[in-house]
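**Student:** There's a structure below that I have some questions on.
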Amino acid sequence: METNSKWIDIETADGKFGAYLSLPRGGKGPGIVLLQEIFGVNQHIRNVADQYAADGYVVLAPDIFWRQGQRIELGYDDEQWKRAYALMQATDFDKAQQDVAATVKVLRSHVGDARVASLGFCFGGRLSYHTAANGLVDAAVAYYGGGIQNALDRAPDIQVPVLMHFGAEDSHIPLDAVKSIAERFDHNEQVEIHVYDGAEHGFNCNHRGSYHQRAAAEAHGHSLIFLSENL
């Protein structure tokens, strides 16, 4: 993939944090703020950033856990799962949203008049949903966003197109939760939800045992169509 990637610094009132910037060939395009899973901006997230850059997007992936340690990168064994979960539990979600807002601002300075979306996985999927509700982006994608079902009070704040992906076999997000989300947005034509048969939590991550090739390919296709229509 012909992309140009590097880490940049983003300044906030609390200090500065890193974000992984991946540029498409030619350096220009619509923007995507890519929001990590609980494992940090690890190799998988950087690969996803480069993938979307190869698709023509300017992608910026902020290091959401920076207050607990700069550029924490975790894998998927039991010990690292435990650490990742502890990092998520210790994260101030309001401050994380502020960091996303700062990231969107920097990304908009890179893309000029082009539109910007958020796209997140798991913890980042929930963040992407809130980013849309906060009115920060022009569209949002959430892959298996855990906790969205507990934030449906924010549904009236969703004024931009949103695409959500869920696995039918997700052991972290029961289908009843997906059903409650679908019912809440049933009359909002801007919200699109896909559920993938046989797919577990984390089905998009080819570094994990839960990777589901067909669901990942279909979801990526749906995401590219959605982004092309809304950015």
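The values are calculated or read from the model by the stated rules, or taken from the named source; none is laboratory data. Everything numeric here is computed off the predicted structure, so don't read it as measured data. All Cβ positions, even for glycine, are placed from backbone atoms using ideal geometry, and neighbour counts span all protein chains on display. When the accessible area is computed, the model is the full protein with side chains, heavy atoms only, and any ligands, DNA or RNA have been set aside. Shrake-Rupley method; radii C 1.70, N 1.55, O 1.52, S 1.80 Å.
**Student:** Could you calculate the contour length gain from Q68 to A114, that is, 0.36 nm times the residue separation minus the distance between their Cα atoms, to one decimal place in nm?
**Tutor:** Stretched fully, the Q68-A114 segment lengthens by 13.3 nm.
**Student:** If you don't mind, another one. What residues have an amide H closer than 5 Å to that of I193, excluding those fewer than 5 places away on the same chain, when H is modeled at 1.01 Å from N in the peptide plane?
**Tutor:** Here M164 satisfy the definition.
**Student:** Relative contact order of region 28-120: what whole-number percent is it, with Cα pairs under 8 angstrom and at least 6 residues apart?
**Tutor:** That works out to 43 percent.
**Student:** Please compare each pair in K16/K95; K16/K105; K82/K179; K105/K179; K28/K95 to a cut-off of 22 Å on the Cα-Cα distance and tell me which ones are over it.
**Tutor:** K82/K179; K105/K179; K28/K95, as the Cα separations exceed 22 Å there.
**Student:** While we're here: Once you have all Cα-Cα distances for region 1-136, histogram them in 5 Å bins from zero and send the whole-percent values.
**Tutor:** 2, 11, 22, 25, 21, 12, 5, 2, 0
**Student:** What ranking do 62-68, 122-128, 187-193 get when scored by the average of other Cβ atoms within 10 Å per residue, highest first?
**Tutor:** So the order, starting with the most tightly packed, is 122-128, 62-68, 187-193.
**Student:** Separation between the D77 and D14 pseudo-spin-labels, each 7 Å from Cα along Cα→Cβ, expressed in nm?
**Tutor:** Between D77 and D14, the label points sit 3.1 nm apart.
**Student:** Evaluate the relative contact order of the chain (contact order divided by residue number), counting alpha-carbon pairs under 8 angstrom at least 6 apart; express in whole percent.
**Tutor:** RCO, the chain: 15 percent.
**Student:** Let me ask something else about it. Any idea what % of Cα-Cα pairs in region 145-222 are farther than 21 Å?
**Tutor:** The share of Cα pairs beyond 21 Å in region 145-222 comes to 28 percent.
**Student:** How large, in percent, is the carbon and sulfur part of the accessible surface of the chain at a probe radius of 1.4 Å?
**Tutor:** The C+S portion of the solvent-accessible surface of the chain is 45 percent.
**Student:** Separation of region 1-57 and region 140-196 by C-alpha centroid, Å?
**Tutor:** That distance is 25 Å.
**Student:** In Å and whole numbers, how far do the C-alpha atoms of region 83-211 stretch along each principal axis, longest first?
**Tutor:** Extents along the principal axes: 41, 39, 25 Å.
**Student:** Kirkwood Rh and Cα-based Rg: tell me the resulting Rg over Rh for region 86-144, rounded to two decimals.
**Tutor:** Reported Rg/Rh (Cα atoms, Kirkwood Rh): 0.99.
**Student:** Counting Lys and Arg as +1 and Asp and Glu as -1, each charge on the Cβ, what is the dipole of region 44-96 about the Cα centre in debye, to the nearest 20?
**Tutor:** 180
**Student:** A further question on this structure: Where does the chain land on the Kirkwood hydrodynamic radius, alpha-carbon pairs, in angstrom?
**Tutor:** About 17.4 Å, per the Kirkwood formula over Cα pairs.
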